[in-house]
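*Asks:* Below is one structure. I have some questions about it.
The values are calculated or read from the model by the stated rules, or taken from the named source; none is laboratory data. None of these values were measured; they are calculated from a predicted model. Here the Cβ is made from the backbone with ideal geometry for all residues, glycine too, and neighbour counts use every protein chain on show. What goes into the accessible areas is simple: the full protein's heavy atoms, side chains included, and nothing from ligands, DNA or RNA. Shrake-Rupley method; radii C 1.70, N 1.55, O 1.52, S 1.80 Å.
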Amino acid sequence: SLELQPNFEKYGDVGFPEGDEKQRQLLGVVLEGEFESYFKGKISPLMVAPENENETEDKDLSSEADGKGNKEAIITRIIDKSPESARLIVFSSNMFLTDIAMQLASGAMRTRYEGPVTLIENSIDWSLEDRGLLSIRGRGHFARTLLPLSTSTQVVYEYLNYGLVLFGLALVWFLRRIMARKSQRRYQKILTEGRA
């Protein structure tokens, strides 16, 4: 059934009718390798002549690329098979990507449910051979909230931040002053040696 809205009055706690066949179902296929073309050994569908003259005229008009009567070349070659690195991903339905399905899942989990979006992102990464991103995106990311702090503790942390910044600025100023004195002494020494 393509019905996404649960009916708890009719079907109880589950919300959906229970099917007769309770077993694993194939919902998607991922294949990699060499695929033979359906048109292998057949005439190219691009070479089939149109059935009536109106279609011929329309094609003649649309094939004029620059208005000078130059027609585009029609490709007649058939690709018999795909390369060995070809990949194919087939999902049995696209309903899991609809807004309604994602809102229902998010409402049930009381958080944003982005599993279908992650599945499509991973499918694109896999099909483009960018497998390095799969390990990064596949990890679960959860918001780690900070523990609640009392007002006095918050004030201590705030002043500590200000103090560390001021200490860092003072340290930079002090080190810069020492380096300036050293370079001044070095230049003074060079100047005195040059006079002697």
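*Asks:* Please verify whether the stretch 108-115 includes one or more residues that are at pLDDT 60 or above and of a type in the set (Gly, Ala, Ser). Even if it seems obvious, please write down each step before you answer.
*Replies:* Looking only at the stretch 108-115, we keep the residues that are at pLDDT 60 or above, and these are 108-115.
Subsequent filtering for residues that are of a type in the set (Gly, Ala, Ser) retains 108, 115.
Yes, the stretch 108-115 contains at least one residue that is at pLDDT 60 or above and of a type in the set (Gly, Ala, Ser).
*Asks:* If you don't mind, there's one more thing I want to ask. So which residues in the stretch 101-125 are open to solvent by 40 Å² or more (accessible area, probe 1.4 Å), among the hydrophobic types (A, V, I, L, M, F, W, C) and either within 18 Å of Val14 (Cα to Cα) or in contact with a strand residue (DSSP E or B) (Cβ under 8 Å, 6 or more places away or on another chain) (or both), if there are any at all?
*Replies:* Hits for the stretch 101-125 are Leu104, Ala108, Met109.
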